[in-house]
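Report on the following structure.
Computed from the coordinates by the stated procedures, all read-outs in this text should not be read as laboratory data. Bear in mind that the values here come from a model prediction, so they are computed numbers and not experimental data. FYI the Cβ positions are ideal-geometry reconstructions off the backbone, even for glycines, and counts take in every protein chain you see.
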Amino acid sequence: MIQRSIPIDFQHRIAFTHGGFDTKNLTLVDLIAEASELGGASKVLVLLDSGVADGNPRLAEQICQYGAVHDHAVNLVAEPMVLAGGESCKNDWSLVEKIWQAVEYHKICRHSYIVAIGGGAFLDLAGFAAATAHRGIRFVRMPTTTLSQGDGGVGVKNGVNYFGKKNWVGTFSVPFAVVNDLDFLKSLPTRACRDGIIEAIKVALIRDSDFYEYIEAHAADLNRLETKPLETAIRRSAENHIDHISTSGDPFEYGSARPLDFGHWVAHKLEQISGFAVSHGEAVAIGMGVDILYSVEIGLLDRDTASRILDLIQAVGFEIWSDHLDQSVDGQPVILAGLEEFREHLGGKLTITLVPEIGKKLEVNEMEESAILAAMDQLQQMSVGASESSVV
């Protein structure tokens, strides 16, 4: 047997800016020009989420103007290619093929760039297409939601849904760069803007107690989606996510531990059984609630801390229960099937992240069904109590 180590040093660049396509803003052009190996301008194919295009009617024109002003480094091969975004785009394989067709038509090569502008689902789709065309084209993510700027959009995962399951087909691929243009948050609907706050709470719970206390101290401001605390929360969330990916020793998840998926075994299944009527952030809020109260049930977390966490989740504007959790088959709650699907997604070994205290995490390899059901009952009762008190 011949065996050699292949060391690879990836650079994961995350830039924060405002007005990314203002012609005076050099963030994007500098990233591309600095890495150019061919001399002259690099080919750039821009993919644009249709929802972002609708919310920013002049964006396509601004992108074209940006390319024209900076044509010494950026060779826009066409006007931005507008494609459907949102979670449903990941169910449409034809969109992957459309991107491949554009890559072929414009002769995009491995020294070219695909710049994708959109929400997390759109970036997952575009990233998968970019990672598989020519075995990998340099990919620049420009996330446009709080959820993608602070979490999914700054990671290294790409994927589309298949067999009715989230991200069944996908790749791990470090993007060439991520450019978080915070101005995009101004055009987000309130519900979408709020979603990223829950992922900030999630990552604070598993690794950063100081950040958790910041969120707690600014809960009312975050509920009102005030600009400065929201941008601070997104930036620190992104930093924590990247710190985990770069220092965990397992950036491509060869193992089964995935602490960044805290609360997600419930969340992924809840999104699915609701027909994605429950957003990802709303589902994660509920999923964390289940796992937090489960931790109390098994004696891992004290009840006062659990109440503190659930109070914060509600204080920033999230519900802790969904009636979709009442769905059952043959008397068995459908949500429990999420555990088996999560185990499959992990590669065969169930590993669930729990929180024994704020800022710490613990991995467990089994969950007690009776304790899960007890946690769900408590969560439902607390949700009813919160609703009644708000009416009073």
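Listing for the model above:
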item: 5 angstrom amide H check on Ser274, placed H, neighbours 5+ away; result: none
item: Simple Cβ-charge dipole of the range 14-187, Lys/Arg +1 and Asp/Glu -1, about Cα centre, in debye nearest 20; result: 440
item: ³J(HN,Hα) computed for each position of the range 287-304 - Karplus, 6.51 cos²θ - 1.76 cosθ + 1.60, integer Hz, glycine/proline x; result: x, 5, x, 4, 5, 5, 6, 4, 4, 5, 4, 9, x, 8, 10, 6, 5, 5
item: Trypsin sites (Lys or Arg not before Pro) within the range 1-87: DSSP coil, no more than 11 neighbouring Cβ in 10 Å; result: Arg4, Lys24, Arg58
item: Label point at Arg191 placed 7 Å out along Cα→Cβ; residues across the range 38-54 whose backbone nitrogen lies under 19 Å; result: 50-54
item: The range 111-198 shape via C-alpha gyration tensor axes, a/c threshold 1.5; result: oblate
item: Fully extended contour minus Cα-Cα distance, from Asp302 to Glu104, at 0.36 nm per residue; result: 65.6 nm
item: Estimated dipole of the chain in Debye, rounded to 20 [Cβ of Lys and Arg +1, of Asp and Glu -1, Cα centre]; result: 1360
item: Span from the the range 42-65 Cα centroid across to the the range 357-385 one, whole angstrom; result: 43
item: Antiparallel DSSP beta bridges within the chain, as percent of all bridges there, nearest 5; result: 30
item: Amide proton proximity set for Ser42, modelled H, under 5 Å, gap of 5+; result: Val74, Asn75
item: DSSP-loop GluC sites (Glu not before Pro) across the range 1-104, with at most 15 other Cβ within 10 angstrom; result: Glu37
item: Other-chain or far-sequence residues with amide H under 5 Å of Leu301's (modelled H); result: Val296
item: Summed residue charge, Cβ within 13 Å of Gly196's Cβ, Lys/Arg positive, Asp/Glu negative; result: 0
item: ³J(HN,Hα), Karplus 6.51/-1.76/1.60, whole Hz, each residue of the range 138-155, x for Gly, Pro; result: 4, 10, 10, 8, 10, x, 10, 10, 5, 5, 7, 6, x, 9, x, x, 9, x
item: Estimated [θ] at 222 nm from DSSP helical runs (n ≥ 4, -39500 (n - 2.57)) normalised by residues in the chain, nearest 500; result: -14500 deg cm²/dmol
item: Packing-based exposure ordering (other Cβ within 10 Å, fewest first) of Ile309, Ile14; result: Ile14, Ile309
item: Out-of-range pairs (alpha-carbon distance over 25 Å; input Lys24/Lys186; Lys43/Lys98; Lys24/Lys228; Lys228/Lys360; Lys98/Lys165); result: Lys228/Lys360
item: Computed label-point distance, nm, for sites Asn91 and Glu363 using a 7 Å Cα→Cβ extension; result: 3.3
item: Sorted by Cβ density within 10 Å, fewest first, the residues Val169, Val355; result: Val169, Val355
item: Within the range 131-168, chymotrypsin sites (Phe, Trp or Tyr not before Pro) in DSSP loop having at most 14 other beta-carbon neighbours inside 10 Å; result: Phe163
item: For the chain, built as a Gaussian network whose Cα springs stay under 10 Å, the top-fluctuating residue of Asp377, Asp323, Asp221; result: Asp323
item: Potential lengthening between Leu26 and Ile6 on full extension [0.36 nm per residue; Cα-Cα distance subtracted]; result: 3.7 nm
item: Principal axis box of the range 14-187, alpha-carbon based, largest edge first, Å; result: 45, 35, 25
